[in-house]
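Asker: The structure follows.
The values are calculated or read from the model by the stated rules, or taken from the named source; none is laboratory data. In this text the structure is predicted, and so the values were computed from the model without any measurement. A quick note on method: Cβ atoms are made from the backbone with ideal geometry, for glycine too, and the neighbour counts reach across all protein chains shown. For accessibility, only protein heavy atoms count, side chains too; no ligands or nucleic acids. Shrake-Rupley method; radii C 1.70, N 1.55, O 1.52, S 1.80 Å.
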Amino acid sequence: MVTTAPVEPRWAEWRRQGPTPAQQRQDVWIALSVVLGALGMTVLINSMGAFTFGGAPSLGEQLAWSLAVSVPLVVRRRYPLAVLLAVGVLFIAAQARQTGDNLGPSIALFLAIFSEGAWERNRVVARWSRIGVIVVMFTWLGISLVKFLAGPSYPFDDAAGPLEPVLASVLHGLAINLLFFLSAYFFGEMAWISARREAELEHRAEQLRLSQAQNTRGAIVAERMRIARDLHDVVAHHVSVMGIQAGAARRVLTTDPDLAGTALRQVEETARVSIGELRGLLGVLRAEPTDQAPGGSADELASPDLDRLPELVTTARATGLEVEHSTYGDPRPVPAGVSLSAYRVVQEALTNVVKHAGAHKVDLRVRYLDRAIEVEVADDGRGSTGRSSGGFGLLGMRERVAVHGGDLEAGPRRGAGYLVRATLPTNDPAEEPV
């Protein structure tokens with residue numbers, strides 16, 4: 001199954017999902033709490049006779065208004081615009097009737113404005129509906145202030161501040177209402193922004209999960225390619241050598257039994273080495289990271305290095321090739337991956353010489369440079385490029401070298417023969433940070 005990354009949403013046009021069933025149940029409990037609070041406050045106000053407007057209709061009518069203003073909150077998150085309009089109209093109507101309690105309806109209006117800001121999917125409607133309701137409320141407040149100023153003057157017997165009492169009363173009413181409505185608008189907007197940020201975080205988390213899954217698949221593919229290259233190197237090299245040695249043994253079996261026996265023993269040794277390397281590769285595939293293979297770690301079994309180049313030289317010489325092996329520079333430890341890649345390049349190059357070159361002499365050189373290691377295999381054979389036409393040998397060598405950021409040169413030499421030279425960057429251990 002192919003997993004594709006989610007399309008990047010246009011966050012400026014993001015729409016909030018509707019409330020969950022749990023949130024809808026929560027709205028019922030919140031509305032019930034507001035209703036009970038409004039009803040209780042109405043009873044207390046009537047019991048004290050401390051009416052907001054100095055007088056009030058009957059207790060039954062006041063309770064009905066408290067219930068009517070609060071009940072729409074049951075669906076405040078499902079239908080925020082309808083609830084805002086309904087609560088706004090009922091709030092003004094209750095004040096026009098001069099109900100005794102103003103706290104319960106004010107709480108309902110605050111929640112309605114907040115819910116419109118937090119849950120309305122159309123942000124243009126959310127903005128202008130709240131602004132419209134706030135303007136209407138301040139218009140209603142202005143009408144109330146005009147009536148207050150036009151009515152009989154309040155004695156303000158205990159007034160002692162620096163401001164004129166009527167002016168202070170007007171400013172007090174404006175300040176309280178500004179704080180009330182701006183808070184409802186602000187907190188509703190913040191709730192919506194918080195929900196959008198949460199959606200963005202979830203989207204980023206999903207992108208990260210998919211990216212990690214893609215990286216994991218890439219790592220698996222890369223590991224499969226590495227194992228395929230190792231299998232190719234092991235099988236191609238050893239089987240080619242065994243085929244040549246077996247053919248030589250067959251030709252001299254009757255005329256020179258001792259030479260045939262030597263060749264067959266070499267076939268046996270080569271097969272043993274090949275089986276050991278294959279067993280090491282299988283151990284890597286089967287083992288957990290902390291598992292140890294008998295006689296050493298799985299990595300050690302599956303990852304030959306430059307120290308084992310003499311074995312390749314011995315095997316190549318057993319096929320009748322004249323192999324010269326020389327090292328230049330001061331040998332030093334190199335990273336295991338670089339050492340393995342260099343070994344495999346030499347192994348593949350020698351295999352190609354045995355299989356395709358028709359050469360008599362091979363020159364293997366290892367050079368330790370300042371910041372790199374170089375391996376070179378040159379033969380005096382036909383120099384044909386046909387050795388790379390039907391397999392993955394050169395391709396595998398290029399991939400191995402490219403992993404380390406190195407260079408590979410492979411092609412016919414001037415005059416005769418074929419050259420393979422790989423340069424692999426490495427760090428000088430003396431320069432490594434402690």
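Asker: Please specify each residue of region 35-49 satisfying the condition of being aliphatic (A, V, I, L, M) and either closer than 17 Å to V87 by Cα or in contact (Cβ under 8 Å) with a residue 60 or more places away in the chain (or both).
Answerer: V35, L36, A38, L39, M41
Asker: Select, from P257, P289, the only residue that is open to solvent by 40 Å² or more (accessible area, probe 1.4 Å), over 27 Å from V346 (Cα atoms) and either at pLDDT 80 or above or touching a Leu at 6+ places or on another chain (Cβ under 9 Å) (or both).
Answerer: Going through P257, P289 in turn, just one is open to solvent by 40 Å² or more (accessible area, probe 1.4 Å), over 27 Å from V346 (Cα atoms) and either at pLDDT 80 or above or touching a Leu at 6+ places or on another chain (Cβ under 9 Å) (or both): P257.
Asker: Hey, any hits in region 9-21 for a residue that's at pLDDT 90 or above and assigned to a helix (DSSP H, G or I)?
Answerer: Scanning region 9-21 turns up at least one residue that is at pLDDT 90 or above and assigned to a helix (DSSP H, G or I).
Asker: Any idea which of (1) at pLDDT 80 or above; (2) surrounded by 12 or more Cβ atoms within 10 Å (Cβ to Cβ); (3) not small (G, A, S) is the one D370 doesn't satisfy?
Answerer: For D370, the failing item is (2).
Asker: Among (1) at pLDDT 85 or above; (2) of a type in the set (G, A, S); (3) open to solvent by 50 Å² or more (accessible area, probe 1.4 Å), there is one condition A336 misses while meeting the rest; what is its number?
Answerer: (1)
Asker: Taking S47 as the residue in question, decide whether it is part of a helix (DSSP H, G or I), small (G, A, S) and either surrounded by fewer than 10 Cβ atoms within 10 Å (Cβ to Cβ) or at pLDDT below 90 (or both).
Answerer: In short, yes.
Asker: Would you please name the residue that is nearest to P333 (Cα to Cα), looking only at residues in region 304-318 that are in a loop (DSSP other than H, G, I, E, B) and within 48 Å of the chain's Cα centre (by Cα)?
Answerer: Checked region 304-318; the qualifying residue nearest to P333 (Cα to Cα) is D305.
Asker: Being more than 30 Å from I134 (Cβ to Cβ) and open to solvent by less than 80 Å² (accessible area, probe 1.4 Å): is that true of A195 here?
Answerer: Criteria not met by A195.
Asker: Next up: Which condition from (1) over 14 Å from H325 (Cβ atoms); (2) at pLDDT below 90 is the one that V353 breaks?
Answerer: (1)
Asker: List the helices (runs of 4 or more DSSP H) inside region 54-166, counting only whole elements, that have at least 3 residues being crowded, with 17+ Cβ neighbours inside 10 Å, under 43 Å from the mean Cα position of the chain (by Cα) and among the aromatic types (F, W, Y).
Answerer: By residue number, 103-119.
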